[in-house]
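Below is one structure, written out as structure tokens, with a few remarks after it.
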Amino acid sequence: MSQLESPTPRTPRHTPAQAERRAELADAASGFDGFPAIKWLRATGVDESETVDRWIGGRLAPLPVGVTWDVVLLPHREGWRVWQQLQMLDVKTGPMLLTNKHMAVFVPTGSADDWDLPGARVLKLGDTVEVPHPSVAAPRTQAAYSWVVPPLNEPVLTDCDDLYGAYAAVCVEHADGAPL
């Protein structure tokens, strides 16, 4: 090719808006610009780049359960009521994720092994949980998922006994006909 000929322009891999969003999420994953650092993500052993790529693409990222935490899935409406009760009791909670079907509550590994309340399901080692970026907190959503309590830099998890008590109380209220 002569010096006067210009090379064939390359098509950018990402649009400028996508590149900017990618940079924002990469910064967020590193803890810059006011977003929470995500040591909790690193602790699971997932590929951070792949996770950020999924978030940039507007998709949820699968995280393994049972490595750093277990997840208790509560029915959607009852989960909201449990969150309200925990707030009224001033209980410190860890990450809580709202989906269209469940409230997912992150608890210490093994602490919910003996759960026996109706409607609750415990995700353990071998399971995965799909999550949006930590900055996607209510009322914002990503693929209809939203953090009610987003994960923070230091891993705080909900005490399973407090969660069990609040959910048991909600179940009793519901059985007595109280509105949720």
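Quick notes
- Options ALA61, MET103, THR93, ranked by Cα towards positive dipole end of the range 61-175, top entry (Cβ charges): ALA61
- Dipole of the range 110-176, positive end: most advanced residue of THR141, ALA120, ALA168 [Cβ charges, Cα centre]: THR141
- Within the same chain, lysines fewer than 8 places from LYS101 are excluded, and of the rest, those with a Cα less than 23 Å from its Cα are LYS124.
- Sorted fewest first by neighbouring Cβ atoms within 10 angstrom, ASP159, ASP113 come out as ASP113, ASP159.
- Each of HIS174, HIS133 was scored by other Cβ atoms within 10 Å of its Cβ. Arranged with the fewest first, they read HIS174, HIS133.
- The range 61-175: projected area of the alpha-carbon convex hull, averaged over directions, in nm²: 6.7
- Sorted fewest first by neighbouring Cβ atoms within 10 angstrom, ARG81, ARG42 come out as ARG42, ARG81.
Here, each number is a calculation from the coordinates, and none is a lab measurement. Here the structure is a predicted model, which is why all the values come from computation and not from measurement. Note that we place each Cβ from the backbone using ideal geometry, even for glycine, and neighbour counts take in every protein chain shown.
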